[in-house]
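As structure tokens, the structure follows; a few thoughts come after it.
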Amino acid sequence: MSSDNSGPAKIRVNNFFFSIESNEILKDINVEIPKNQITVIIGPSGCGKSTLLKSINRMNDLIENISFEGEILIDDKNILSRDTDVTELRKNVGMIAQSPNPLPMSIYDNVVYGPKIHGTRDKVALNRIVEDALKKVGLWEEVKDRLKDPATKLSLGQQQRLCLARTLAIEPEIILCDETTSALDPISAKHIETELISLKEDYTILFVTHILRQAKRIADYVIFIYLGEIIEHGPAREVFNNPKDERTKAYLEGVFG
Amino acid sequence: MIKRRNLEEKIFKSVMILSLTIVICSLLAVFATVIIKGAPSLSLEMITEVPKGGYYLGGGGGILNAIVGSLYLSIGAIVIAFILSLPMALYLNQYSERSRVPGIIRMILEVSTGIPSLIYGVFVFLIMIEVGARASLFWGIITIAVFITPILTRGMDEIMQTVPLKLKEASLALGTTRFETLIHVITRQALPGILTAVILAFGRGIGDAASVLFTAGYTDSIPTSLSDPVATLPLAIFFQLSTPIPEVQQRAYASAIILLVIVLLLSAVSRILSRRFMEYVVR
């Protein structure tokens, strides 16, 4: 599952600092995130891993009184620059939240919501998008006869897969997952993990988690963040088997978490 | 310890039941009075005809003029109020997060709901004098719109504040603009509540007599244009009650029944619609 050669970088973070109300959340982040792999960001709660994730699609812009410096380059384009069109960016960088957040509409409308806003109007094309996206997340067979039902009628696990399908429908290149399985039962969580692994051929995936076993199951590349700093990063096998930093070792052994 | 808490529970329960009983019984008493006094003179003629000569002295005819007038006024007013309130409520909730402005606006809106509706009527009347206008349907609609807009805005605002942040995030994360998110997600999620706010504001508008006293005029005929004067049910009730003739006074109660039925029908329709919209709402 994991590979030791980390391939070309899709995202480059250079000297990135991030603060909220002058509290420094992230300090001098430098990392390259390999293309078409699952990069897992691990670290104890409050270490800044979600903040790093949400910087990549600029969702942090919703928070008041933030300040940042440095660069985040996606395909060599700095997405932190002022002239970045955040809607364009977010279409390219999809995100799955911590707990399922279906929109107040039908299953069908949840999937076509993004494509419609981004300009797809043709009914046949939309139908195909829905079928493709739901098939990719393994939900099609379960819901194909009730696409008009409210999305909230689905189980939590199904809802989260719907959210994944909704993101795939806007054809992003990068998918951000913010502890995406933490609100789900183990079987649904496993389901999502399997789907992400099958998706990595076409997408660059970043997955934030504090569950080490999960990280070990899905990671190709690992970033360990502690107190706002990257302590160690590298191919999954190296970081998990031969951690170089004492703090990484301690975290992996469960000394703190 | 257990006993004390059980006692607390019992006392609290009886307090709730007591308040419910007081309020519901008073309301039922009002309804009963209106129905008992009004029912005998309720007739098809009342709701299908305008007053004939000498109606207020016990002559024939009905109050169709006031029924239609009230509906025209409140429907016109609610449309205007809605068009003004929705953007205001959306602004208060979604665009102003980094300032103190919304707090101040909310306070102004709340204070303005405490001003007697008569004052709004006088305010519009002063404008009418300024521009040399006569009392008419148009000015009546403006008056009611002015006084129900704060109620409607505050109602919608309150409902939109209950829309979970994660819905907004879900939509924005798909690359939508704030405006698209507002229209397609926030408004949709809040729709059942918005409908309730509209019905409440409409009820306030249709039941109010004082605000249109100076601005809408009064007439025995049905208005055919915006510049015609217009009768309202609350004023029709007032005029009929103030005659010394018992039969006409009875008709005032019958008119009140008609007003009650209109509001009842409206709230029934809104409940049905609201239930349909509720289906998609995220809880």
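The values are calculated or read from the model by the stated rules, or taken from the named source; none is laboratory data. Fair warning: this is a prediction, and the values are worked out from it, not measured in the lab. All Cβ positions, even for glycine, are placed from backbone atoms using ideal geometry, and neighbour counts span all protein chains on display. Protein only, heavy atoms only, side chains kept; ligands, DNA and RNA dropped before computing areas. Shrake-Rupley method; radii C 1.70, N 1.55, O 1.52, S 1.80 Å.
Data overview
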| read-out | value |
| --- | --- |
| Among the residues listed as B:104, B:129, B:108, B:115, the single one being open to solvent by 60 Å² or more (accessible area, probe 1.4 Å) and either outside the structural domain of residue B:77 (by TED's automatic domain parsing) or part of a loop (DSSP other than H, G, I, E, B) (or both) | B:115 |
| In region A:90-146, residue most open to solvent (accessible area, probe 1.4 Å) [restricted to those that are part of a helix (DSSP H, G or I) and acidic (Asp, Glu)] | A:141 |
| Residue list for region B:155-178, filter: part of a helix (DSSP H, G or I) and either in contact (Cβ under 8 Å) with a residue 12 or more places away in the chain or more than 8 Å from every other protein chain (Cβ to nearest Cβ) (or both) | B:155, B:156, B:157, B:158, B:159, B:160, B:165, B:167, B:168, B:170, B:171, B:178 |
| Residue satisfying condition, being within 20 Å of residue B:64 (Cβ to Cβ), aliphatic (A, V, I, L, M) and touching a helix residue (DSSP H, G or I) at 6+ places or on another chain (Cβ under 7 Å), within set B:222, B:199 | B:222 |
| Members of region B:132-151 found to be under 21 Å from residue B:76 (Cα atoms) and not in a helix (DSSP H, G or I), listed by number | B:133, B:134, B:135, B:136 |
| Search result, residues across region A:50-61 that are open to solvent by less than 10 Å² (accessible area, probe 1.4 Å) and either away from chain B (no Cβ under 14 Å) or among the small types (Gly, Ala, Ser) (or both) | A:52, A:55 |
| Region A:110-121 residues that are at the interface with chain B (Cβ under 9 Å from one of its Cβ atoms), paired with ones that are open to solvent by less than 40 Å² (accessible area, probe 1.4 Å) and β-branched (Val, Ile, Thr) (beta carbon under 7 Å, 6 or more apart) | A:114/A:170; A:117/B:176; A:118/A:170 |
| Qualifying positions in region B:132-154 - closer than 17 Å to residue B:197 by Cα and open to solvent by 20 Å² or more (accessible area, probe 1.4 Å) | B:146, B:151, B:154 |
| Candidates B:237, B:262, B:245, B:258 - the one that is more than 14 Å from chain A (Cβ to nearest Cβ) and exposed (fewer than 14 other Cβ atoms within 10 Å of the Cβ) | B:245 |
| Yes/no for residue A:64 being more than 14 Å from chain B (Cβ to nearest Cβ) and not aromatic (Phe, Trp, Tyr) | no |
| Residue, farthest from residue B:67 (Cα to Cα), within region B:218-233, restricted to residues that are in contact with a Leu (Cβ under 8 Å, 6 or more places away or on another chain) and either surrounded by fewer than 21 Cβ atoms within 10 Å (Cβ to Cβ) or without any contact (Cβ under 8 Å) to a residue 40 or more places away in the chain (or both) | B:227 |
| Residues (open to solvent by 40 Å² or more (accessible area, probe 1.4 Å) and within 14 Å of chain B (Cβ to nearest Cβ)) located in region A:71-85 | A:85 |
